[in-house]
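Written below as structure tokens is the structure these notes are about.
The values are calculated or read from the model by the stated rules, or taken from the named source; none is laboratory data. Just so we're clear, the structure is a prediction, and the values are computed from it rather than from any experiment. Counting neighbours? That spans all protein chains shown, and the Cβs are built from the backbone with ideal geometry, glycine included. Keep in mind that these areas ignore ligands, DNA and RNA; they rest on the heavy atoms of the full protein, side chains included. Shrake-Rupley method; radii C 1.70, N 1.55, O 1.52, S 1.80 Å.
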Amino acid sequence: MQKTSDLIWQDTQHQVLFELIERIKVVPFDPDILIQLKLYAEHHFVLEEAYMYMLDFPGTEAHVRAHDRFREELEAMLDTDPTMHETLQISLSDFLYKWLKLHVLGIDKQLEAFILETNAK
Ligand SMILES: [Fe+2]
Ligand SMILES: [Fe+2]
């Protein structure tokens, strides 16, 4: 994935998330990947949200709602059959990849710009 942020912590964490999402496609399917993705996504969202609350970011509510939707999607995916078919792995991975790409190049850029204007980076 291209560079997503001038904040090193934010870009590094995004890259890890994209890598985990890519690994959903690996055959045979490893159900642990979804657990790792869920844990790492939570770690990342909590950090972004901590910055939002600490800096009183005006877009906090909408941003947290977007994170919550992703949390719900991941939770639902954890029920996925571990022997899932390869085409399902690909569609799951593609869906998450597109969602994350849209998020990091959209709403996350607003947060990045806001943080960069402060001395909190
Ligand atoms: Fe992010
Ligand atoms: Fe975010």
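Tabulated data for the structure shown
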{"read-out": "Sequence of Thr12, Thr80 when ordered by accessible area, the most exposed leading, probe 1.4 angstrom", "value": "Thr12, Thr80"}
{"read-out": "Helical contribution to [θ] at 222 nm, DSSP H n ≥ 4, -39,500 (n - 2.57), averaged over the chain, rounded to 500", "value": "-25000 deg cm²/dmol"}
{"read-out": "Cα point-scatterer Debye curve for the stretch 1-94, base-10 log of I(q)/I(0) at q = 0.26 Å⁻¹", "value": "-1.38"}
{"read-out": "Cα shape, the stretch 1-48, gyration tensor, a/c 1.5 rule", "value": "oblate"}
{"read-out": "Accessible area in square angstrom per residue, the chain, 1.4 angstrom probe", "value": "56"}
{"read-out": "Filtered chymotrypsin sites (Phe, Trp or Tyr not before Pro), the stretch 1-86: DSSP coil and at most 11 other beta carbons within 10 Å", "value": "none"}
{"read-out": "Sequence-separation-based contact order of the chain, relative, with Cα cut under 8 Å and 6+ spacing, percent", "value": "39"}
